[in-house]
Amino acid sequence: MGEVNIALVPIGGYTSLNAAKAAEVISLLEPNIVIPMHYGMRNALIKLDPLSKFLKEMGLTTVETEESIKLQSNAMLPEEIRVMVLDLSV
C-alpha cells in the first residue's frame, strides 16, 4: 500500500472499528498523524464508544483539539504517531 502519512480512522464501534481494532490498524499502518472519527458524543443518535476509550488504547490520557489541520509539506509531519482530534464545535 505504501507510506501512510495521515489516517482518518473510525473508532466508535457499532458498524465500524472499535477502539482496540482501530489501535491495531494504526500500529500496522504507522501513520504520522491519526485523526479519529465516528465516535460517541453527547446527544448522538447512535450509541458509539467515546473518544476516551480510543485514547486509552493508544496510551494517551488527553489530547488537545485542533480547529483545523494545515500541513505545507511532508517536512511538517511528526516523526512519532500523533493523534489529532478536530474540534467539532466550530
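Of note:
- In segment 36-62, the residues that are crowded, with 16+ Cβ neighbours inside 10 Å and assigned to a loop (DSSP other than H, G, I, E, B): HIS38, TYR39, LEU48, ASP49, MET58
- Hey, GLU3 assigned to a loop (DSSP other than H, G, I, E, B) and acidic (Asp, Glu) or not: yes
- Residue check: ILE26 meets all listed conditions (1) surrounded by fewer than 17 Cβ atoms within 10 Å (Cβ to Cβ); (2) farther than 11 Å from MET84 by Cβ but one, namely (1).
- Complete set of residues in segment 48-68 that are modelled with pLDDT under 90 and not polar (S, T, N, Q): GLU64
- Lone qualifier among SER16, SER73 - being hydroxyl-bearing (Ser, Thr, Tyr) and buried (at least 16 other Cβ atoms within 10 Å of the Cβ): SER16
- In segment 34-52 there is no residue that is among the aromatic types (Phe, Trp, Tyr) and more than 11 Å from the chain's Cα centre (by Cα).
- Members of segment 57-76 that are farther than 19 Å from VAL25 by Cβ and either among the hydrophobic types (A, V, I, L, M, F, W, C) or over 15 Å from the mean Cα position of the chain (by Cα) (or both): ILE69, LYS70, LEU71, GLN72, SER73, ASN74, ALA75, MET76
The values are calculated or read from the model by the stated rules, or taken from the named source; none is laboratory data. If you're wondering where the values come from, they're calculated on a predicted model, not measured in any experiment. All Cβ positions, glycine included, derive from the backbone under ideal geometry; neighbour counts span all protein chains shown.
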